[in-house]
Amino acid sequence: MLKAIIIDDERLARNELKKLLMDYPEIEVVAEAANAGEGIEKIENINPDLIFLDIQMPGKTGFDMLSELDRIPNVIFTTAYDEYALKAFEVNALDYLLKPVEPKRLADAIQKLHFQEEREQVSNGTVNVNKSILYEQDQVFVKDGERCWFVKLNEIRLFESVGNYAKVYFGAHKPLILKSLNALEERLDEKTFFRANRKHIVNLRLIDKIEPYFNGGLLLEMKGGEKIEVSRRQTVKFKEMMSL
Amino acid sequence: MKLEALVKELELKTIKSHINPHFIFNALNSIRALIDENPVRARDAITELSNILRSSMQAEKLEIVPFEKELNIVKDYLALEYIRFEDRLRVEYEIDEDTLDQPVPPMMLQTLVENAIKHGIGKQVSGGVIKIVSDFKGDYHELLVENSGHLSLLVNEDGFGLSSTRNRLQLLFGDKSNFEIKQVNGNVVQARVLIPVTIN
């Protein structure tokens, strides 16, 4: 059973989608929200597997809403007109649906969802239980000005502290997010993410080379070519972790 | 003179008033939901949508229409938006009946109301009020569209609806016509059109 939340400012639009979803007993619509604020509250309380998200809403847009969430569930965008569709693809949403929703398109979107779920179960093996920790397979939504991305944590090589912000390195991108490195460190799974020094958290699975460095420290070269120093204090911990 | 008239006609035709596709598809989606919930309202909604689409197509052929005709389209339009917004949209009309025969450019009031919804009501979680006023001010037919909201949003985001309104008035009625949009009373945006009175 998959828990879903419908977020759309129009009551009739939410009803119409609920009606279409009645053909899918495996998807249970557990809540509805009429704006981004309500949406955030319900997503954080319920922790759904899937959200149907309208893009144009009063107050904040659907994109703005996503950028305020820590952990992003699977997202299917719903919009009346496809000027936003391209943008949804750029952010790598699971799918997007044009309203009025064609039943066949909904079926395709749900099939995609099932494929995705299966893939994740295979690669995850076990189900992660601690809700406050972000694991490798979790995805986050990063918005930098007009551009936005869904990013799996296992694609992120490096977090770099820049004042109150953190620079997130993945692929060829390095947008800024408004989070401190200390706050991130608390949320990230320590099996994967390691605090190398005051300014950097590295993804242990995306290290390319390890070399000895001054003062008994280490120099890591990440898969993207970034060179990160491991402080002497952290080097002890690093060696312990890697030898396990 | 003949050439000038031709140029004017061509210019007017290029300033087409498009109905926002977002509106059309949202309306169709609402109507589909209404078919089960309130079939009588769904039937009316289809009539309203047809009137708007027909009027939008005719607008490309006509230079001016009686204000009454334009007002009816706006009423249909707002009835459809009410289905979407429900309690978030409140509409007030203050119409001097003597203004109903006055000539106006087709789909001009409609464009102003559409902007008022898009940038005013649609941006606010609790919605707001749209007020439409038509009366005489001296030798002018005055049209007002007011909405709850703030102007800064409106001016930044949509130049087209506003500049096309200005151009159409200029081409049809010359310097005697006027169009302005401003913030009044802190939380109300007012679009105001002045057209010289035509005596039949």
Just checking the output field for A:7-20: average partner chain Cβ neighbours within 10 Å of each residue's Cβ? 5
Put a dot 7 Å past each Cα toward the Cβ at A:Asp208 and B:Leu62; how far apart are the dots in nm? 6.9
Net charge around A:Lys112, counting only other residues with Cβ within less than 12 Å of its Cβ (Lys, Arg = +1; Asp, Glu = -1)? -2
Can you work out the base-10 log of I(q)/I(0) for the stretch B:19-127 at q = 0.20, 0.21, 0.22, 0.23 1/Å, using the Debye formula on its C-alpha atoms alone? -1.12, -1.20, -1.28, -1.34
Those lysines that a straight Cα-Cα span of less than 28 Å connects to B:Lys61, excepting residues fewer than 8 apart in one chain: B:Lys2, B:Lys8, B:Lys13, B:Lys16, B:Lys69, B:Lys75, B:Lys118, B:Lys176
Relative to the longest principal Cα axis of chain B, at what angle does helix B:2-14 sit, 0 to 90 degrees, rounded to 10? 10
Cα-Cα pairs above 27 Å in the protein assembly as shown: how many percent? 62
Rounded to the nearest 10, the angle in degrees between the Cα long axis of helix A:103-124 and the longest principal axis of the Cα atoms of chain A comes to 30
For A:Thr78, other-chain or 5+-apart residues with amide H closer than 5 Å (H placed, Pro excluded) are A:Leu53, A:Asp54, A:Ile55, A:Leu97
Less than 14 Å Cβ to Cβ from A:Ile6, Lys/Arg counted +1 and Asp/Glu -1: what total charge do the surrounding residues give? -2
With axes computed from alpha carbons, what is the tilt in degrees of helix A:11-21 against the longest principal axis of chain A, rounded to the nearest 10 within 0 to 90? 80
More than 19 angstrom separation, counting every C-alpha pair in the stretch A:166-218; what % is that? 33
Over all pairs of distinct alpha carbons, what does the Kirkwood formula give as the hydrodynamic radius of the stretch B:2-196, in Å? 17.3
So the label point goes 7 Å from the Cα of B:Ser126 along Cα→C-beta, right? Which residues of the stretch A:1-27 then have their backbone N under 20 Å from it? A:9-11
Projected-area average for the stretch A:2-124 over all orientations - Cα convex hull basis, square nanometres: 7.2
Sum up the charges of everything whose Cβ sits under 10 Å from the Cβ of B:Leu194, counting Lys and Arg as +1 and Asp and Glu as -1, but leave B:Leu194 out. 0
Could you put A:Thr192, B:Thr47 in order, starting from the residue whose Cβ has the fewest other Cβ atoms within 10 Å? B:Thr47, A:Thr192
About its Cα centre, the protein assembly as shown carries a charge dipole, from +1 on Lys and Arg Cβ atoms and -1 on Asp and Glu Cβ atoms, whose size in debye to the nearest 20 is 1680
Considering the alpha-carbon set of the stretch A:139-243 alone, what are its Rg and its Dmax in angstrom? 13.5, 43
Volume of the Cα convex hull of chain A, divided per residue and given in Å³: 131
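No lab work stands behind these numbers, since they all come straight from the coordinates. No experiment lies behind these values; they were computed from the predicted model shown. Reconstructed Cβ throughout: ideal geometry from the backbone, glycine too, with neighbour counts over all protein chains shown.
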